[in-house]
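Step one of this worksheet: look at the structure below.
Readers should treat all values here as calculations from the given coordinates under stated rules, not as data from a laboratory. Please read all numbers here as calculations on a predicted model, not as lab measurements. Heads up, the Cβs are rebuilt from the backbone with ideal geometry, glycines too, and the neighbour counts pull from every protein chain shown.
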Amino acid sequence: MRAPLCIGMDSAWPDAPVRALQQALENIPENQVVAVALSGGTDSVALALVAAQVCAQRGQSLYFFHIHHGLMPEADVWAEHLGEFARALKVPLLVRHVQVDLGQGLGTEAAAREARYRALAALADEHQVVALLLAHHQQDQAETVLLRLLRGAGVMGLSAMQEDVTRQGMRLLRPWLDIDRKELVAIAQEFANRTGWQAVQDPSNNDPQYKRGAFRTELLPVLEKHWPAWRQTLVRHARQAAEVTEILDEVAALDWLKLEPDTSDQSFSLKAWRDLSPARQALVLRYWLAQQHVAMPGERRLADLMRQLRQLHALGHDRELLWQHGSHTVRCLRGRVSLSSG
């Protein structure tokens, strides 16, 4: 058995990631608890290392949350490996096993992501964690913009990931969306050089059967060769889309009030929705789904929902709509449209 890791907390990490994390934590009181979503890959390991140092300096309590999906044969080994890492940093590691429902029609990636966020939200609630730190970086953001563009997610979808957002009642902080992944690799590598402890290498990250894997193995080399600034360009588009989304949200919020909303179940009047123009019908539906933290459907899926709502209205209010989106279901009963999950 290898001797326990022995490390200090005085490591000199690159300035940009450290400053970005410090800024993200500035408005969180030091007596409140934060956590890092730790997959064990290079990016999350880098975040865990920097967070351990910054939180120690602030006197702030920190947890590491690891979600065990059970999808890879190495999952148990990874969890044990991360236990050694967490003990070396003197940070509690909480491992949560989840069952990924592959029968939802979401695909493996999306189903695993949904299960992961549910588990993270539950852990945060159980341990009074006020904010969860995620290691998404500039390349992740750029990939997200491009993949959502190809999926037809619309302007709101192109705003991609936000630095500070609430999902399923959990505050998510992504301090590194403007940070080049090379800096994160340098952090993890420097740690490996000192201790011999290596970050987990998940083969699914580059498996072309998954969308992001196909992007990284097949499309990324072409982008790097012909459009070397593709990351910065797409991240800039994400910022611009986020600004446009703010304006659209203001319009959608006004339209939402016209739909006779019920604050108890977030349902709305189908008849009032029918009175809006088609463009504003789509806009307010996206707003409604976003307010309930539902993954944004692509244009085709949203068009299908709108078509069913229109047909339902033409047939009268005595028939029930049933539209499935992942684990969420949209129903219409007696002229009221509502959303349920599970």
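Structure values in brief
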read-out: FRET efficiency, 1/(1 + (r/R0)^6) with R0 41 Å, evaluated for LYS90 and ASP275 via beta carbons; value: 0.10
read-out: Net lengthening on full extension, ALA122/ASP265 (0.36 nm per residue, minus Cα-Cα); value: 49.3 nm
read-out: Separation of the HIS293 and GLU246 label points, Cα + 7 Å toward Cβ, nm; value: 2.4 nm
read-out: Rounded to whole Hz, the Karplus (6.51, -1.76, 1.60) HN-Hα couplings of the range 261-278, x for glycine and proline; value: x, 9, 5, 6, 10, 6, 7, 9, 7, 5, 4, 5, 4, 5, 6, 7, 5, x
read-out: Contact order normalised by residue count of the range 258-341, Cα under 8 Å, 6+ apart, percent; value: 29 percent
read-out: Computed log₁₀ I(q)/I(0) - Debye formula, equal Cα scatterers, no solvent, the chain, q 0.14 Å⁻¹; value: -1.22
read-out: Peptides 260-273, 284-297 ordered by average Cβ neighbours within 10 Å, highest first; value: 284-297, 260-273
read-out: Cα-based helix-to-principal-axis angle, 75-89 vs the chain, degrees rounded to 10; value: 60 degrees
read-out: Mean separation of Cα contacts under 8 Å (6+ apart) over length of the range 244-300, as relative contact order %; value: 31 percent
read-out: Helical contribution to [θ] at 222 nm, DSSP H n ≥ 4, -39,500 (n - 2.57), averaged over the chain, rounded to 500; value: -16000 deg cm²/dmol
read-out: In sequence order, calculated HN-Hα J values of the range 324-332 (Karplus, 6.51, -1.76, 1.60; Hz; x Gly/Pro); value: 9, 9, x, 8, 9, 10, 9, 10, 9
read-out: Of GLY196, GLY326, GLY41, the one that fluctuates the most in a GNM where the chain has Cα springs shorter than 10 Å; value: GLY196
read-out: Cut-off 12 Å, label 7 Å out along Cα→Cβ of ASP164, residues of the range 21-36 by amide N; value: 23-29
read-out: On Cα atoms only, tilt of 15-25 relative to the major axis of the chain in degrees; value: 50 degrees
read-out: Estimated distance in nm for a label pair at ASN27 and MET306, the labels positioned 7 Å out from Cα along Cα-to-Cβ; value: 3.3 nm
read-out: Directionally averaged projected area (convex hull, Cα atoms, the range 144-250), nm²; value: 9.0 nm²
read-out: Using alpha-carbon coordinates, inclination of helix 230-257 to the longest axis of the chain, degrees; value: 40 degrees
read-out: Tally of Lys pairs whose C-alpha atoms are under 25 Å apart, taken over the chain, 8 or more apart or cross-chain; value: 4
read-out: Counting DSSP beta bridges with both ends in the chain, the antiparallel % (nearest 5); value: 55 percent
read-out: For the chain, with +1 on Lys and Arg beta carbons and -1 on Asp and Glu, the positive-most of PRO29, LEU219, LEU276 along the dipole; value: LEU276
read-out: Rounded if a/c under 1.5, otherwise prolate or oblate - the range 15-214, Cα gyration tensor axes; value: rounded
read-out: Gyration tensor (alpha-carbon) shape descriptor, the range 258-341, a/c threshold 1.5; value: rounded
read-out: Rh by Kirkwood over Cα pairs, then Stokes-Einstein D for the range 124-202 at 1.306 mPa s and 10 °C, µm²/s; value: 108 µm²/s
read-out: Relative contact order [Cα under 8 Å, 6+ residues apart], the chain, whole percent; value: 16 percent
